[in-house]
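A short write-up of the structure that comes next.
What follows draws every value from the coordinates through simple rules; no lab data is involved. Source: prediction; values computed, not measured. Don't worry about glycine lacking a Cβ; one is built from the backbone with ideal geometry, like all the others, and counts go over all protein chains shown.
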Amino acid sequence: MVEKIEHIGIAVESIDEMVPYYRDALGLEYGGEEVVEEQKVRVAFFGIGESSIELLEATSEDSSIAKFLAKRGPGIHHIAVRVDDIERALTQHEENGAQLIDKTPRIGAHNMRIAFVHPRSTGGVLVELCQSPG
Ligand code: CO
């Protein structure tokens, strides 16, 4: 079952430069930062209703975020959908012919179990399925 939009991931050149907009101008609650080593990304969280906005900054030149920025510039990188059973969601994708980037879940920010769906199957947007660890 799909529960909600968990977060929208936005690729930025510099989190530090963008915090003032999201926190001060837009007025969102700043929820801290985390480095996800495996994905070579630094993430800043901002609560917005039941969802959040996550700013993504590359921590290395071979990060997928660095490649995204080089190719397309800053902007929406992915939309994350929270599911209650990620294995079931992945099976449902395969049964319906959707192309998965991750056939098995990995661990993302906040220890969420995550898996990405290829934009080719979603209308051009990278979709992240995620399940809360608890
Ligand atoms: Co995400």
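Filtered by the rule that a residue be among the hydrophobic types (A, V, I, L, M, F, W, C) and surrounded by fewer than 17 Cβ atoms within 10 Å (Cβ to Cβ), the stretch 118-133 gives a lone residue, 125. When we screen 58, 98, 115 for residues that are over 17 Å from residue 7 (Cα atoms) and either crowded, with 18+ Cβ neighbours inside 10 Å or aromatic (Phe, Trp, Tyr) (or both), the only hit is 58. Of all residues in the stretch 58-85, count the ones that are within 13 Å of the ligand (Cβ to nearest atom) and either touching a Lys or Arg at 6+ places or on another chain (Cβ under 9 Å) or among the aliphatic types (A, V, I, L, M) (or both). Matching residues across the stretch 58-85 total 7. In the stretch 27-55, the residue that is nearest to the ligand (Cβ to nearest atom) out of those that are outside any strand (DSSP E or B) and exposed (fewer than 15 other Cβ atoms within 10 Å of the Cβ) is 38.
Scanning the stretch 1-17 for residues that are away from the ligand (no atom under 16 Å from the Cβ) and either acidic (Asp, Glu) or closer than 21 Å to residue 73 by Cβ (or both) turns up 13, 14, 16, 17.
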